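Just so it is clear, none of the values below were taken in a lab; they were calculated from the coordinates. Quantities reported herein were computed from a predicted structural model and do not represent experimental measurements. Glycine also receives a Cβ, built like all others from the backbone with ideal geometry; neighbour counts cover every protein chain displayed.
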Amino acid sequence: MAKDRGSHPDESLTGRLHRIYDRLLACYGPQHWWPAEEPFEVIVGAILTQSAAWINVEKSIEALKQASVLSPACLRQIPLVELAGLIHSCGYYNAKAVKLKSFAGWLGDNYDDSLVKMFAQDTFFLRAQLLKVHGIGEETADSILLYAGNKPIFVIDAYTRRIIDRHGLSPDGNKYSDYQKIFMFNLARQAPLFNEYHALLVQVGKDLCRKAESRCSSCCLQDEGRI
DNA sequence: GGCCAGGACACCA
DNA sequence: TGGTGTCATGGC
């Protein structure tokens, strides 16, 4: 699967993934993701955080709470322009308002606004259904399944790709699913593990971006290979 | 003032 | 199938 195992060619990919995880956990500690009070808030956050900084997403979610519209029924009912105004801070507000309404409409039509019913579906069937909803792509669908539904699906984002590439673990293909298979096929399929692992990858990815360099002498993974 | 942030979609070749 | 433009604010 991987082209290159970096500086530990004899070690299994599973072993390397576990070692990276252990280093990150020791360095950053538990991340306690997703930062939300309930599953529906996780889903709204997953849509709003698309290409946006989380700090700005938090402002939008707080605005939705203050306006008492953080529910599927209210999101369907509120005028589009008004909804866009509430989520102004996270950018792409017009597009994201449409996306929120699309999900709320789909949830009402298919599951009577019940996330319990929704998550009772087979995980991969549900993933396929979510991908048909306007505004929900692979990363957002997987974030919903993992962080709102506690399903063992690994989330791949730009940070994860960057870390994998820099460790010489790049898959043969460049598709989302190619990167996802690295984790799904080489780690135990446990939601708590996938939850913490992805959160830690985002954290170290942010650190690397702040340091604005591909090789980071102070990074806790520096002796793990090509970071 | 420029770049980037926990993407997705529409359009085109 | 892959590349490109668009959506857009806020912080550094």
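Once the gyration tensor of the Cα atoms in segment A:7-119 is diagonalised, the equivalent ellipsoid follows with semi-axes of 35, 17, 13 Å, ordered largest first. How high is the relative contact order of chain A, in percent, counting Cα pairs under 8 Å that sit 6 or more residues apart? Relative contact order of chain A: 28 percent.
Note on chain A: helix-only mean residue ellipticity at 222 nm, from DSSP H runs of 4+ residues weighted -39500 (n - 2.57) and normalised by residue number, equals -17000 deg cm²/dmol. By the combined test of axial Cα extent (at least 20 Å) and Kyte-Doolittle hydropathy (mean at least -1.0), the qualifying DSSP H helices of chain A come to A:13-28, A:93-111, A:191-211.
Segment A:Gln121..A:Gln203, full-extension length gain: 26.4 nm, with 0.36 nm per residue of separation and the alpha-carbon distance subtracted.
Extension gain for A:Cys74 to A:Glu37 (0.36 nm times residue separation, less C-alpha to C-alpha distance): 11.6 nm. In chain A, excluding the sites themselves, the longest stretch lacking any of the GluC sites (Glu not before Pro) that are in a DSSP loop with at most 15 other Cβ atoms within 10 Å is A:38-212.
With each label modelled as a point 7 angstrom along the Cα→C-beta vector, the A:Ala158-A:Glu62 pair spans 2.4 nm. Going from the fewest other Cβ atoms within 10 Å to the most, the residues A:Val44, A:Val202, A:Val57 appear in the order A:Val202, A:Val57, A:Val44.
Per the Debye calculation on chain A with a single equal scatterer at every Cα and no solvent contribution, log₁₀ I(q)/I(0) for q = 0.15, 0.16, 0.17 Å⁻¹ amounts to -1.00, -1.11, -1.21. In terms of its C-alpha gyration tensor, segment A:84-165 comes out oblate, because a/c is 1.5 or above while a/b does not outweigh b/c. In this simple spin-label model, placing a label point 7 Å from the Cα along the Cα-to-Cβ direction at both A:Asn94 and A:Thr14 gives a separation of 5.1 nm. When chymotrypsin sites (Phe, Trp or Tyr not before Pro) are flagged only if DSSP places them in a loop and at most 16 other Cβ atoms lie within 10 Å, the longest unflagged stretch of chain A comes out as A:93-184. Approximating the spin labels as points 7 Å out from Cα along Cα→Cβ, the A:Ala128-to-A:Glu82 distance works out to 3.9 nm. Geometric descriptor of segment A:136-186, per residue, is 72 Å³ (volume of the convex hull of the Cα atoms).
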